[in-house]
Each structure stands twice: as structure tokens, then as C-alpha cells.
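Here is the structure we will look at, set down as C-alpha cells.
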2 protein chains.
Amino acid sequence: MQRIPGSVTIDDVARHVGVAKGTVSRVLNNYTDISDATRKRILQAVKELGYQPSATARNLKRGRQDTLGIVIPVGHGSGADPFLAEFIDGIARALDELGLDLLVTTAHSREHMIETLHRLVARRKVDGFIITRTEVNDPRIAFLSEKEFPFVAHGRTSDPSGYAWFDIDNEAAFADGVRHLYSLGHERIGFIGGSLELNFALQRLHGYRQGLEALGVRHDPDLESLQDVSEKGGFAGAEALLSLDKPPTALLCVTDALAIGVVQFCRKYGLKIGSDVTVIGYDGLPVGEYLDPPLTTFSQSAQDAGGRVARKLIDVLDGTDPKSLQALAKAVLIRRASDGAPSMTPDELSKLFRDRLNHQPHSDTKGE
Amino acid sequence: MQRIPGSVTIDDVARHVGVAKGTVSRVLNNYTDISDATRKRILQAVKELGYQPSATARNLKRGRQDTLGIVIPVGHGSGADPFLAEFIDGIARALDELGLDLLVTTAHSREHMIETLHRLVARRKVDGFIITRTEVNDPRIAFLSEKEFPFVAHGRTSDPSGYAWFDIDNEAAFADGVRHLYSLGHERIGFIGGSLELNFALQRLHGYRQGLEALGVRHDPDLESLQDVSEKGGFAGAEALLSLDKPPTALLCVTDALAIGVVQFCRKYGLKIGSDVTVIGYDGLPVGEYLDPPLTTFSQSAQDAGGRVARKLIDVLDGTDPKSLQALAKAVLIRRASDGAPSMTPDELSKLFRDRLNHQPHSDTKGE
DNA sequence: AAGAGTTACAAAACCGATTTCGGAAGTCAA
DNA sequence: TTGACTTCCGAAATCGGTTTTGTAACTCTT
């Protein structure tokens, strides 16, 4: 009863032309056993009536939804993750070209995420999933694998062998980062990371250590601070590391958000970024460009990643073996202005910082 | 044939219990004419088999999709709009509570957007639409209104009488902004706006002018610069206005993106923000907090707006008269640190700026 | 104890497409 | 002519639910 008004069905078209609805369907789906004359009349009627087949009815019969799903984690009111925003943008663009749509849902906890996944799979609202921010042991991937439900991951898990994924070579990037900082003259290089359940955080930590080892330096656990992957976390991480007796002169952060927090911290205490303290982020977010100084960061084009991942998932749905759809890309270091040669030794930095701590902190905190 | 493996249907449940499938359906939909014994047996079987009804089949019969749609405009590779990201986040959170999902698609041009809208409506993939960034004469609203397809707008059009919307009182906000700047001591106040086809840009311009009028100042077209609503636009706008013979000492920008561009510009020429030049943005983006200095801005909580708009659309779908679902909210000025009393007169500012222009510009531009 | 109501469910129709099946009409070879 | 093939399309089954309709078996009335 409450039908959408003006919605024309295949029966309307069939009646209008005087054929069976099956015939209309065959014309629209390019079957060959239709005479040219009839085809033309039907096409004409379709155009006249503005008929478009109901996605629902078609899906019911076909068993496909032409829709992909993504579940994004949300914190408590913290605001959208800019990386994910770019990523989703990239997915949607890619899907648009293929006539598919993207279903976006949120989850506020790990349980909620699995629950949502479960619902969407069981109710068959989507044909496949895109998983982001993979964890070392990811319950989502376990769930979807077990259900044999198509999906693709952005990032790997501890065992990346059985599914399609796209990832960045995080180890290589961070090893490079260490080498880069070392060549700038930094001897003590700090690391601000995130929960080691997040695979990218773990990989970047490994890369950081590998980079040090390659230089013959033993990694110092004191220089590794694990925090919430957010601006607040970066702030806290900077505080922790710069308070050390022998603080690092350079900080390698696993995300731009963390790096932004570090910048905040340094600004608050009047430490000059790019000389007193060097900061490097990761994500290549556009925001970084507008920071003062513009943030040096590893870029992986979230948008591009979204597009790639979407296309991989389409391939999976088309029957390609997921195992053959695994790809590793390199991150590129975008040097802006937050890195440079150290202006002083760790000891001097420590002294400077303590000085600043005792004075009224630099008044650049927020007004009202 | 290519059915999702392990997908259990209502028939499976019915057979398992030994009842008709209609009976199962009635149990699941809380009909009363079922004996307790049968109800229990069916519920038991449902749990045992892990049955969840197919959304598609249900939708086909019900004529509803439990899905809302949003079409977001995307530029050419420019990156995601942070405001929209927050907005969508807010929508998705609200919908999650109600068991609805959000379909996100992109459109790269106005025509493409209408086309996408058309497709989604005709194929009935969504029950209603959320329209953002309304234009003074919005073809999307015209289209949906004519089709009598449910929708809600974030922002109004020139004739806002016939549909549901949520908007901010842009005029009031900008009039307030002018008053605020004037009270800080600014005599020449500039305006950096966007295309006047965007209703919010038009309204904010009106508000700006009203604010001036209320102070008995006649608005000066030279002080109004219309740009692309982006960082680049802000940069260009700042350049245009600060190059005037009598430049404004304060710039009111219609979005934070523009304000960020202004900050960039001032940084490049070594103009101190909050004293030499005052900048105020609009959107209350979290990013603004991390700028140096933190951006003073009108906040309207994109996330909150998303939630409100979503709930309004639900109400429309539930039969509430859209005309009764119109709401105007106030923007709040968040004072951070980019506004302050002018440190000099327009003439002095002009001289200072010309000086800086002739020297090598301050070297804070990006390194490679 | 007969007619009137309930109760509790089975059976069937329906939503709007796609796809299978089968048959009428036309074509061709024998 | 007649049987065998095509060509073209109508009829019906199907996807997996929801909703309507119908009815057997009880329970009340009076």
C-alpha cells in the first residue's frame, strides 16, 4: 500500500507493450532470442515510462546486492578519523565506476563490530566486506573466513596467507625512517606507537627496531612509548620521552595524529620542531601540510588505498582466488619541514626541556 | 546456485519445526495468534539454526530498505571534506541505534549527482535521502520533491517551506562575528566567502553585511572576496584582501578550510595571526585546534548535525509532516587564539605587507 | 445440543524481478 | 508434404520473506 508513488514495475512495461514480463526482462538483460522489432518496442516503452528495475527484486533472485560494506570504528565522540574519511572516499569513487554502492556502518566497540558484521552477513545486505585497521589476531577476519564470506583487508594479520589484502610495507618504511634520521645526525631516536594489537603498529615497531639494528644500535625500550593512536596520545608520548634523562632528539610516530600531538606538546614548551625536536608522522594526511611547521610524514594515499582495496574485493566476488590478490606497496617519505638535523645533544635538550618545565609553559594553549 | 553457503532460510526453520513458514514469520514479527508452545519451539529452532531473515526478501514485500542514502560531492582528487566526514559519522551513529544503514555514494559533478540520485530512487535502494551543502536553487531538492521521495536537507534553499531541514542561523552567526570583531577594535573587516550558489555562503554574506549595517557601517564590496571553499581559496582570498590599499585587519571566513588558507598565507608573509591579522573560521573542525595559533571558529558540530538530520529523516519516513520538521540552531563562537585586537591600523598593515612582499617571503613554505 | 465465537495454524497470494520450460510459427531439407 | 530445426516469446517457477485467507478444532453461549 505505502508503495513509492510513481514507481513503475516490469509488469507495467510488459502490459504497455503487450508482451510477457519475462520478455521485457530478457531484453533488458541482453538475451539474444528476441526479435529486433520487439526489442525496439520494449526499449521504447522502457524509456517512455522511465522504468528502472527494482534493485531489491533483482537482488532477491540473483542473490547479489551490488553493495559492499565497511564497518568503521568510532571512539566516544572523538570525531571522525581523517584517514578513514579519505579511504572511504577512495572506495566510493572506485565503486561508482562499477555501479556498486557502499554501505557504511559504525561500531563503538569490538563486540559491536562483530555483531554488526554478523547482522550484515546473515541478512545478506552486502556482497562483501572491506576490513580496515587489521589487528594481529583479527576476530573479524576469523569470522568472515569461517563463514567463507568475501572480504578484503586493508592491512594484514599475523597469518596473512588465506585472504585478499592490500598493505604497506610498514617495516621497510620505519627502517627507512630510522636510517633517514640517523643520517641527519640523530643518535637517539624515539618511537611513539600504538596498541600492539593493531598490526600496523606492531609492524612499524618492528621496522623501527630493524632500522636501529641495521645501524648496529641496540634498541632501547625506554625510547619506545605506546599510546592511544590520537593527538592526545602523541602529546602524552612526547611528554614521556622528552622527560627522560637522555631524551631522543627525533620522534618517529606511527600516525599523523600522534605526530600532531607531539607538535602540540613541543609548541607548548617552546621547543622548535625540525631542530630542537624532529617529528615524523605517518599517513600523509592533507592536514599535515597546514601545520606549522608542515609535517614530514610517510604517505600512503588513503584514497588510492581505498580504490585498490575496492577493486580487489570486486575481483574476489568475480571468483578470483583471494590468495592471488595480495599486494604490498611502499610508503613514500614526504619531507616537509618537521625534520632536520638536531640542534643540540640529548643532554642539552634535556636541560632545555627541564628549564621550560619550570618556567611558566609557553602560553600557546587554547583560550576559552 | 551461487548462494551464500550456510545461509538458512525461513523454510529451513519451518521444516525443522514442522510448521508453515508463515507461522515462523508471525512468531518473528510478534503476532499474537500463536500458542506459547509453538512460539517456543520456533524460537528455539531459530536460535539453533542461527536463522536471520534475508533483508532483501523482507524489503521486497515490505517496500522498505531500512537504508538511507547520501551522495557526497567529490572534487578532482582533492581529498575528503573533513566536515562531511564528521557529518557522516554522526549520521551513521544515529542510524546504528535505530537499526538502519547508510549508503554512501560519490558524485563528481552536479549532473552526476542528480543521475545517482535518480538511480537510487528508481531502483529503490534507499528509503530516503540526506542532502548536504544545499544550493540556493537546489536541483536535488527539486527532483526529490517532485518525485515525492522522502528526504531531509542539511541547510535550506531559497524557498525552505516545503521540506524537512536542519540548518544553522548563518546570518546571526556572521552578524555576531562582525560585532565581535568590531568590539575588539577592528574597523575594517574583510569577508572571504564562496560561490553564492551555496546557500550557506550566501547567508553568511548577508549576515556579514547585516552586522556591518547594525554598526552603521556601509559594507564595502572591495572587502568581500569570493573564492573556492578550500585552503587554496583562503590563500587567494587573503592575498586579494591584504593587497588592498586599505586592507582589513580582520578576516571572516565562511569555512575553516578557507581560514586555514588564510593562516598559511599570513605565515608565508610573516604576519602575526591574532594581532597583525585576525582570522575567524566556521565549522569548528577539530583540525583547527592543532593549528598555530589554534583557530577561532564558529562551531556547529558536524557530528551532532548528522545525528539530528538522520533522526528527522526517520520521522519523515514514519509519516510526520516534513514541514513540521524544520529546525534552526545557533552556531557558537569558539574563541581560540586567531582573533584579537588589531596591532596596527589598516594603513600600517598595508605598509608592513608591502614590505614583506618585496623581501624574500618568509621561508615557511614546504620543502620538497 | 446447535449456532456463534475463538484459537492456532496451514495454505496460498504477493512483492518484482530473473530464469527455465515449452510450444507455436516459420524455415529448410528430404 | 512431412519431420527436424530455428526463432521468438508466453507461462510458470523461483528467490525468501510477509500478509491475507481459510478452516479444523475448541470453547462458549442459551
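Summarise the partner chain shielding of A:83-96 as one whole number: the mean count of Cβ atoms from other chains within 10 Å of each residue's Cβ. Write down the numbers at each step before the final one.
Working: counts 1, 3, 9, 4, 1, 6, 11, 5, 2, 9, 6, 1, 3, 8.
Mean inter-chain Cβ contacts per residue within 10 Å come to 5.
Of the cross-linked pairs A:K40/B:K125; A:K21/A:K61; A:K61/A:K147; B:K21/B:K47; B:K125/B:K312, which ones have a Cα-Cα span greater than 24 Å in the structure shown? Write out the running numbers ahead of the final one.
Values: A:K40/B:K125 28 Å; A:K21/A:K61 15 Å; A:K61/A:K147 21 Å; B:K21/B:K47 16 Å; B:K125/B:K312 19 Å.
Result: A:K40/B:K125 exceed 24 Å.
How far, in nm to one decimal, is B:R179 from itself in the other copies if the label point is set 7 angstrom along Cα toward Cβ? Shortest first, please.
Taking the point 7 Å beyond Cα along Cα→Cβ, the inter-copy spacings are 6.2 nm.
Before I look further, what does segment A:189-240 give for accessible area per residue, probe 1.4 Å, in whole square angstrom?
Numbers: 2290 Å² over 52 residues.
Accessible area per residue, segment A:189-240: 44 Å².
Taking square-rooted eigenvalues a ≥ b ≥ c of the alpha carbon gyration tensor, is segment A:36-93 rounded, prolate or oblate, where a/c under 1.5 means rounded and, failing that, a/b exceeding b/c means prolate?
prolate
Using the Cα centre of segment B:10-53 as the reference point, and only Cβ charges (+1 on K/R, -1 on D/E), how large is the resulting charge dipole? Debye, rounded to the nearest 20. Write out the running numbers ahead of the final one.
On the way: 7 positive and 5 negative charges, 11 e Å.
In total the dipole reaches around 60 debye.
How many nanometers, to one decimal and shortest first, lie between the label point of B:E97 and those of its other copies, if labels sit 7 Å from Cα toward Cβ?
Going from nearest to farthest copy, the values are 3.9 nm.
What total accessible surface area, summed over both chains, is buried at the interface between chains A and B, computed with a 1.4 Å probe and given in Å² to the nearest 100?
6000
If you find the alpha carbon centre of segment A:220-278 and of segment A:25-76, how far apart are they in angstrom?
About 54 Å separates the Cα centre of segment A:220-278 from the one of segment A:25-76.
With a 1.4 Å probe and every protein chain left in place, work out the accessible area per residue of segment B:10-53 in Å², rounded to a whole number.
On the way: 2790 Å² over 44 residues.
Per-residue accessible area for segment B:10-53 comes out at 63 Å².
Just B:L242, B:L43, B:L98 to compare: in a GNM of chain B, with alpha carbon springs under 10 Å, which one fluctuates most?
So, out of B:L242, B:L43, B:L98, the one fluctuating most is B:L43.
Which percent, nearest 5, of DSSP beta bridges in segment B:270-368 are antiparallel? Please list the in-between numbers first.
Working: 3 of 8 bridges.
Here the share of antiparallel DSSP bridges comes out near 40 percent.
Whenever you get a sec, compute what percent of the accessible area on segment B:261-326 sits on carbon and sulfur atoms (1.4 Å probe).
Values: 830 of 1950 Å².
Ligands and nucleic acids excluded, carbon and sulfur reach 42 percent.
Just how far, in whole angstrom, is segment B:318-356 from segment B:170-189 if you go by their alpha carbon centroids?
8
Set Lys and Arg Cβ to +1 and Asp and Glu Cβ to -1, take the dipole of the protein assembly as shown about its Cα centre, and tell me which of A:P346, A:A142, A:A240 lies farthest positive.
A:A142
Taking 10 Å² as the minimum loss, tell me which residues in segment B:98-114 lose that much accessible area going from the chain by itself to the full protein complex (1.4 Å probe).
Residues meeting the cut-off: B:G99, B:D101, B:L102, B:L103, B:V104, B:T105, B:T106, B:H112.
Looking only at other chains, what is the average number of their beta-carbon atoms within 10 angstrom of each beta-carbon in A:117-125? Write down the numbers at each step before the final one.
Numbers: counts 0, 2, 4, 3, 4, 10, 10, 9, 9.
Average neighbour count from other chains, rounded to a whole number: 6.
With a ≥ b ≥ c the root eigenvalues of the C-alpha gyration tensor of the protein assembly as shown, is it rounded (a/c under 1.5), prolate (a/b larger than b/c) or oblate? Present the calculation step by step, with values, prior to reporting the outcome.
Numbers: a/c = 2.23, a/b = 1.38, b/c = 1.61.
Oblate, because a/c is 1.5 or more while a/b does not exceed b/c.
Which residue fluctuates most in the GNM of chain A (Cα springs below 10 Å): A:V279, A:V74, A:V126?
Per the Cα network of chain A with a 10 Å cutoff, A:V74 tops the list.
When a/c is below 1.5 the answer is rounded, else prolate if a/b is larger than b/c, else oblate, so apply that to segment B:206-247 with a ≥ b ≥ c taken from the square roots of the Cα gyration tensor eigenvalues. Walk me through the intermediate numbers first.
Details: a/c = 3.58, a/b = 1.61, b/c = 2.22.
Judged from the Cα gyration tensor, segment B:206-247 comes out oblate (a/c at least 1.5, b/c at or above a/b).
Leaving out ligands, DNA and RNA but keeping every protein chain, what accessible area does A:K312 have, in Å² rounded to the nearest 10, with a 1.4 Å probe?
30
Using DSSP to define loop residues, name the trypsin sites (Lys or Arg not before Pro) in segment B:167-241 whose beta-carbon has at most 15 other beta-carbon atoms within 10 Å.
Working: sites: B:R179, B:R188, B:R204, B:R209, B:R218, B:K232; in loops: B:R188, B:R218.
Answer by residue number: B:R218.
Helix-only estimate, please: 222 nm mean residue ellipticity of chain A, summing -39500 (n - 2.57) across DSSP H runs of length 4 or more and dividing by its residues, to the nearest 500. Provide the component values of the computation, followed by the final result.
Numbers: 13 runs with 162 residues, N = 368.
It comes out at -14000 deg cm²/dmol, rounded to the nearest 500.
Ignoring ligands, DNA and RNA, what percent of the accessible area of segment A:141-208 is carbon or sulfur (1.4 Å)?
Taking all protein chains in place, segment A:141-208 shows 49 percent carbon and sulfur surface.
Under unit Cβ charges (Lys, Arg +1; Asp, Glu -1), what dipole magnitude, rounded to 20 debye, does chain A have relative to its Cα centre? Mind showing how you got there, number by number?
On the way: 43 positive and 49 negative charges, 316 e Å.
Around 1520 debye, computed over chain A.
Determine which aspartates and glutamates satisfy two conditions relative to A:K323: a Cα distance under 20 Å, and not lying fewer than 8 residues away in the same chain.
Partners within reach: A:D127, A:E135, A:D138, A:E146, A:E148, A:D159, A:D167, A:D169, A:D315.
Among A:V229, A:V332, A:V24, which one moves the most in a GNM of chain A with springs linking Cα atoms closer than 10 Å?
It is A:V24.
Counting partner chain Cβ atoms within 10 Å of every residue's Cβ in A:45-55, what's the average? Intermediate values should be presented prior to the final figure.
Working: counts 0, 0, 0, 0, 0, 2, 1, 7, 3, 7, 11.
Neighbouring Cβ atoms belonging to other protein chains average 3 per residue here.
Cross-link partners among aspartates and glutamates for A:K351, C-alpha distance below 13 Å, same-chain residues fewer than 8 apart left out?
Cα-Cα hits under 13 Å: A:D245, A:D276.
How much of the DSSP beta bridge set in segment B:64-223 is antiparallel, as a percent to the nearest 5? Spell out each step's value before the answer.
Numbers: 1 of 17 bridges.
If we restrict to bridges inside segment B:64-223, about 5 percent are antiparallel.
A:G22 label points, 7 Å along Cα→Cβ, one per copy: pairwise distances from this copy to the rest in nm, shortest first?
Ordered by distance, the counterparts are at 2.7 nm.
The values are calculated or read from the model by the stated rules, or taken from the named source; none is laboratory data. Keep in mind that this is a model prediction, so the values were computed, not measured. Cβ coordinates were reconstructed from backbone atoms using ideal geometry, including for glycine residues, and neighbour counts include every protein chain displayed. Quick note on the areas: whole protein, heavy atoms, side chains included, nothing else; ligands and nucleic acids left out. Shrake-Rupley method; radii C 1.70, N 1.55, O 1.52, S 1.80 Å.
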